[in-house]
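To start, the structure itself, in structure tokens.
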Amino acid sequence: MQKLDIIKQSLEQARRWRCPPHWQSDDWREELFAVAWAALWEGWNIGIRSEEKLRRFVVTALMKRYRDEWNYGVRWVQAPSQQNGEGNDEDESGWDLWDWVSTETEETEDEREINWLAMVVRQALATLTEEERYLIERKFWDRATEREIAKELGISQPAVNKRINQILERLRQFWE
């Protein structure tokens, strides 16, 4: 197993993601490279030896970093004119981060499809309660085991499994 191949495969997948609004593309690639190496090292140190599992561990770390940066960017990054002191206090509501981001790169057909799917997933998740969203996020985004989730919530693992299956069934019904 070549660790460098795992890094390359993971970064190849991450290369399709749009650069967060407050990053230059070269700096963002460098950041993802550092995150990938750190995740690979962490995965190896906790005993993951399967190449596929290591690659998933690295991609998950990259996705977490990507989501964190976009969450930050959406909430806290100022418009480019405001960063340079050229902003007009009266016109703050006229600037839309998503318009600014969409002008940075042309959207390919694959990106449009991914964005559409992401919108559908967001709509489906919006139908869930806060506790249900928490369970789904911990299970699928954070890759927590049902046992870990059960311990956090103070309930049994089978109860977590049952709740997650019920939530997934409701989400399946939403998409039909």
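All of the numbers you see were taken from the coordinates with simple rules; none came from a lab. Everything numeric here is computed off the predicted structure, so don't read it as measured data. Here Cβ is always computed from backbone atoms with ideal geometry, including for glycine, and neighbour counts include all displayed protein chains.
Tabulated values for the structure
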{"read-out": "Answer residue from the stretch 144-159, given it is surrounded by 14 or more Cβ atoms within 10 Å (Cβ to Cβ) and under 23 Å from the mean Cα position of the chain (by Cα) and is farthest from Met119 (Cα to Cα) among those", "value": "Glu148"}
{"read-out": "Given (1) surrounded by 15 or more Cβ atoms within 10 Å (Cβ to Cβ); (2) part of a helix (DSSP H, G or I), index of the condition Gln13 fails", "value": "(1)"}
{"read-out": "Subset tally (residues that are surrounded by fewer than 18 Cβ atoms within 10 Å (Cβ to Cβ) and among the aromatic types (Phe, Trp, Tyr)) for the stretch 38-60", "value": "2"}
